[in-house]
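This report concerns only the one structure given below.
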Amino acid sequence: MHQDPQIELPDRLQPEHGRFSFALILAAAALLVILAAMYLHPGRQSPPDGAPQNAHFAFGASEREYAAKIQIENVTLSRAENFLHQEVTTLNGEVINDGQRSIRGLELSLEFFDEMNQIALRETRSVVVPGASPLSPGERRPFEVSFEHIPSSWNMQPPILRVTGLLF
């Protein structure tokens, strides 16, 4: 009877799956944190309830007349670096409805100037959006607007804020 030679191999060490699994879980968690940060970081401006970001509110004669009854107070600027090492400028303030009508939409134009008193940046942002609770007569409401990129020529002074759109 002929037998095939039997070769015995020493037991190989099985790779440690524990370290690999931990590294995989850690990488997945880091990816989730990065994706969440990109979605939620302060420079992202997306109005609640799916209101379109580039929709502009009317600013006819009646809106212009009523704009004089909107006050903007307690404007402050702050600058900070986010964890992606981007410098973000945040403008905080309060809008006050001194008129007799409820406001469902309010748009502000913000103008940043340079050292020569020329406009370095002009942006329009909604601070009261349709779908959110309206700004009632006599009501005061805080707002916050973030900017990722303001030109380096900016004179570091607060911007000029004007009402440029209203929705009653």
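Every number in this text was worked out from the coordinates using simple rules, so none of it is lab data. Since the model is a prediction, treat every value here as computed from it, not as a measurement. Glycine gets a Cβ as well: all are built from the backbone with ideal geometry, and neighbour counts include every protein chain shown.
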Checklist outcome for this item: Here the alpha-carbon Rg of segment 85-164 over 2.2 N^0.38 Å rounds to 1.23
Checklist entry - How far is it, in nm, from the label point at residue 31 to the one at residue 98 when both lie 7 Å from their Cα along the line to the Cβ? => result 5.5
Checklist entry - Roughly how many nanometres apart are two label points built 7 Å out from the Cα toward the Cβ at residue 68 and residue 56? => result 2.3
Item to check | Theoretical FRET efficiency, 1/(1+(r/R0)^6), r = Cβ-Cβ of residue 156 and residue 83, R0 30 Å, to 0.05 | outcome: 0.80
Checklist entry - Fewest to most neighbouring Cβ within 10 Å: what's the order for 63, 81, 123? => result 81, 123, 63
